[in-house]
Amino acid sequence: MTRRTALAAAAELLAWWAGLVLLWLVFISTVDTLERIVGASVAAVGALLARAGRRSVIWR
Amino acid sequence: MADAVIVVALLLTAASATAAVATRDPARQALVLAVLGLLLGVVFTVLQAPDVGLSQLAVGSALTPLLIMLSVRKVRRRGKEGDK
Amino acid sequence: MNGWILAATVLLTAGGGAALWGVATGPLSRRVVAQNLSTTVICPSLLLLAQGYGRTSYVDLALLLALLGPVGTLVFARLLADELTGDRPAAWGLTWTAAGVGAAVVLVLCAVTGPSRAMVKLLVIGALLISGNVVASRALSGGLRGVRDG
Amino acid sequence: MSRRLRLWLLGVGGAGLAALLVAACLDVPAFGRRSHPYGERAVRASLARHTANVVSSVNFDQRAYDTLGEMSILFAAVLGCVVLLRQAGDEHRADPRPAEVALPVRRYALLVLPVALVTGLYVIAHGQLSPGGGFQGGVVAATALHLLYLGADYRALERVRPTGVFEVTDSLAACSYLVLGLAGLLAGTAFLANTLLPYGTFNTLSSGGLVPLLNAAIGMEVASAVVVLLAGFLDQAVEIEREKGS
C-alpha cells in the first residue's frame, strides 16, 4: 500500500462517509448529539462496506 | 369514505392471492407472490399498522423471491444433471 | 376523505390492478416487466397515503419499498436470465410512464412539504425509485449479458 | 376408507368449522370501536416508559419474553437450514463463473449497497421511535449485502461476506439478548424487565430504557441469520454440484 493508494483509499472512505452521514441526517427527524454519534458510526460501517464492495467486484 | 382505499387494497390482495394459487409454475408463482407481498404491505399500511407493513415489504419484496428462485434453480439444475 | 387518499386509491386501483393483471397472465417476459412496474406504482401511492394520513413516519415504508423493490426485480432478472433470453421484454414506454408518474407524485409532495429535510427525504426516495426502476428494466432487457467488466 | 367416504368426512368437518367461524365472527366487537382494553393498557405502559413506538414497547418491553421465543425460532430455523444445506459427501464445490453484468446495473448495485445498509441500520436504531425495529431493519441490512451477488457475481459476494463471521455474530447477538435479560435478574428485578436503564427523554434515541438495546440485539441477530440462511441457499444453487455419474 504505497502512500498514494493509501491516500486514495482514505479519500474514498471519507467521501462515502460524508455522503452517508448526510443521508442519515436526512433520514432522522430530531437531530441531537446521540443521533450524530450513531449516524457517524453507521456511516463509517457503510463506507467500509462500500469500499469493500467496489474492490471485491473489480479485483478479479 | 376513507374506507374506499381499504376496500380496494383488500380486493387487490384477494385477487393476487387467488392468482398466486392458480399459477402452477414456481417461477411465475414467485413473481405473483412478490406482487402479493407488495399489496399486503399496502393493506397493513392502510389499516394503520406500519410496523407490520414494513416487515411485509422488507421480507416480501426481495428476500422471499430470492429464496424461491434459488430453490427453483437448484431443483432445475439437479433435474438436468439427472437426465444426463 | 382528503384528496391525497383519493389520489392514492386511484393510483392503487389503476396501477396495482394493471400490474396484477400483467403479472398473472401473459408471457414470462411481460410478467417480469409487470412486477417491476408494480413497485414503481405502489411506492408513490404509499407516499400519498403517508401525506393523506398526516403521518410522516409512513414515509419510511415508501423509502424501504423504493430500495428493495428494484432489488426484487434484479433477483428475477438474474435468476430468470436464461429463460428470458428468448423474447427480450423491452417495454420502455411503460417504464418511462410509470417513472413519470412516480416523479410527478414526488414533486407534488415536495411542493406541499416545503423546503426542509423532509423534502430532501422525499427527493431521495424519488431518486432511488426512478433509478431503481430504470436499472431494473435495463437488467430485464438484456442487461445481464452486458459488457464484461474491465 | 374409500375416497368418497374421505371426501364426505372432509365435508362434514369443513361445515362444522364454517359454522363455528361464523358464530365466532358474530361475537367479535365491531371494527374500529372506541374501547380497546388491551390497547389502552399497552399504550399507557409504553408512554410510562417513554417509548414512542407502542409496537416496539410491546415487542421488547411488555412481552420481551415472547420476542425471545421468536428470536430462538429464527435461530433454530437457520440452524436447521445450515445443517440440511451443507455439502454432502458426493458433492463438490465448483468455482462460480464470473457473470457479465451491464455496467449501469453494476454501478447501481455498488451505489445502493451502502445506502441500503444505512437504511437498514436506521430502521433498527429508530425502532422505538418510528415504525420499524430489529426484525425489519435486520432483513433490510442482510438483503443489502446480496446486492453484490445481484449486481456482480457470487465470487464478489463471497469475498465480502465471510460466512463464519456471520455465524458467530448470529449466536453472539442471540446471547446478548439473553444477557440483557439476565441483567434484569442480577439487578433484583424480573428477567427481561425494563427497570435497569433510565427511560430518557421521550422521542429521542436513548429513550425507552432497555428497548433500544434489545432492538439492536435482535437487529444484529436477524441480519446475520438471514445472511447465513442465504449463504446456504446460494451455495447450493450456485456452487455445489453432484459428482458426475453418481
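All of the numbers you see were taken from the coordinates with simple rules; none came from a lab. Please read all numbers here as calculations on a predicted model, not as lab measurements. Quick reminder, even Gly has a Cβ in these numbers, built from the backbone with ideal geometry, and neighbours come from all protein chains shown.
A compact table of results
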{"read-out": "Mean-position separation - Cα centroids, the range B:22-84 and the range D:1-75, in angstrom", "value": "24 Å"}
{"read-out": "Pairs of alpha carbons in chain D whose separation is greater than 33 Å (percent)", "value": "42 percent"}
{"read-out": "Kyte-Doolittle at least -0.5, axis length at least 24 Å by Cα - qualifying DSSP helices, chain C", "value": "C:28-53, C:59-79, C:92-113, C:117-140"}
{"read-out": "Per-residue average of Cβ from other chains inside 10 Å of C:5-15", "value": "4"}
{"read-out": "Amide H within-cut-off set for A:Ile28, under 5 Å, with H built and near neighbours excluded", "value": "none"}
{"read-out": "Computed E for C:Thr56/B:Ile6 - FRET, C-beta separation, R0 25 angstrom, nearest 0.05", "value": "0.70"}
{"read-out": "Residue exposure sequence - C:Thr9, D:Thr204, D:Thr195, B:Thr23 - by fewest surrounding Cβ within 10 Å", "value": "D:Thr195, D:Thr204, B:Thr23, C:Thr9"}
{"read-out": "Mean Cβ count within 10 Å, highest first, over the residues of peptides D:141-152, C:28-39", "value": "D:141-152, C:28-39"}
{"read-out": "P(r) tail fraction, the protein assembly as shown - alpha-carbon pairs more than 31 Å apart, %", "value": "50 percent"}
{"read-out": "Span-like helix ranges in chain B, DSSP H, alpha carbon extent 24 angstrom or more, Kyte mean at least 1.0", "value": "B:3-22, B:26-46"}
{"read-out": "GluC sites (Glu not before Pro), loop per DSSP, at most 16 other Cβ atoms within 10 Å - longest free stretch of chain D", "value": "D:101-242"}
{"read-out": "Axial C-alpha extent at least 27 Å, average Kyte-Doolittle at least 1.6 - helices from chain D (DSSP)", "value": "D:64-84, D:103-125, D:211-234"}
{"read-out": "Two-site label geometry, C:Ala14 and D:Ala48: point separation in nm, points 7 Å out along Cα→Cβ", "value": "5.1 nm"}
{"read-out": "Pairwise Cα inverse-distance average, inverted: Kirkwood Rh of the range C:6-150 (Å)", "value": "15.5 Å"}
{"read-out": "Among D:31-39, C:122-130, D:112-120, C:68-76, the order from most to least packed when residues are scored by Cβ within 10 Å on average", "value": "C:68-76, D:112-120, C:122-130, D:31-39"}
{"read-out": "Amide H contacts of D:Thr204 (H built 1.01 Å from N, under 5 Å, at least 5 apart or other chain)", "value": "none"}
{"read-out": "Between 0 and 90°, nearest 10: helix A:33-58 axis offset from chain A longest Cα axis", "value": "20 degrees"}
{"read-out": "Per-pair calculated FRET efficiency, R0 = 30 Å: D:Val28 and D:Leu196 via Cβ, rounded to 0.05", "value": "0.15"}
{"read-out": "Spread of Cα-to-Cα distances over 5 Å intervals beginning at zero, given as percent, for the range D:98-229", "value": "2, 11, 16, 18, 16, 13, 9, 6, 4, 2, 1, 0"}
{"read-out": "Shielding score for B:27-34, defined as the mean number of other chain Cβ atoms within 10 Å", "value": "6"}
{"read-out": "Inter-chain Cβ neighbour average for residues A:20-33, partner chain, 10 Å", "value": "5"}
{"read-out": "Quarter of the Cα convex hull surface for chain A, i.e. its orientation-mean projected area (nm²)", "value": "4.6 nm²"}
{"read-out": "Highest-first arrangement of D:82-88, C:41-47, where packing means the average Cβ count within 10 Å", "value": "C:41-47, D:82-88"}
{"read-out": "Rg/Rg_ref, the range B:3-83, where Rg_ref = 2.2 N^0.38 Å and atoms are Cα", "value": "1.30"}
